[in-house]
Amino acid sequence: MPLRRKANLLLVTILIWANASNSLVAILIDQVYPGIAGFFIVVVTILLFGEIIPQALSQKFGLLFGASTLPITYVFFALTFIISYPISKILDIVLGKEEEIVLSKSQMKKLF
């Protein structure tokens with residue numbers, strides 16, 4: 001929940017690191033497989049390991065994955081804080097802070 005309260009900071013941090021890792025993959029693969037072959041290898045690699053597999057795992061094991069990666073998430077926050085914090089504050093101002101949804105026990109039972 002403490003991390004969830006900083007939704008925009010979390011979003012910006014994740015997007016910065018996702019784009020940085022995708023760029024690094026593209027640079028490294030291009031050095032080994034230049035040209036059109038490298039392009040297709042980059043696309044498949046990023047789709048599989050950067051999009052499809054992580055989203056499938058987070059759908060099934062989202063809370064477990066989030067809880068187990070909490071320490072590294074705080075490290076990523078610290079490494080990108082100078083960039084991600086101002087952007088997240090701008091998002092908070094422009095979009096407003098995300099409202100917390102709190103459900104009662106009976107509402108949760110109905111939901112499930």
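Just a few scattered comments:
- The angle between the Cα long axis of helix 7-32 and the longest principal axis of the Cα atoms of the chain comes to about 10 degrees, rounded to the nearest 10.
- Electrostatic bookkeeping for residue 81 treats Lys and Arg as +1 and Asp and Glu as -1; over the other residues with beta carbon under 13 Å from its beta carbon, the sum is +2.
- As a fraction of the 1.4 Å probe accessible area of the chain, surface on carbon and sulfur atoms comes out at 73 percent.
- Accessible surface computed residue by residue for region 31-86, with neighbouring protein chains in place and a 1.4 Å probe, gives 78 Å² per residue.
- Spin-label model, residue 78 to residue 45: label points 7 Å out along the Cα-to-beta-carbon direction sit 2.9 nm apart.
- Where GluC sites (Glu not before Pro) fall in DSSP loop in region 1-105, at most 10 other Cβ within 10 Å: 99, 100
- Using alpha-carbon coordinates, inclination of helix 70-95 to the longest axis of the chain, degrees: 70 degrees
The values are calculated or read from the model by the stated rules, or taken from the named source; none is laboratory data. Small disclaimer: the values here were computed from a predicted structure and weren't measured. In this analysis, Cβ positions are derived from the backbone assuming ideal geometry, glycine residues included, and neighbour counts consider all displayed protein chains. Ligands, DNA and RNA are excluded from the accessible area calculation, which covers all protein heavy atoms including side chains. Shrake-Rupley method; radii C 1.70, N 1.55, O 1.52, S 1.80 Å.
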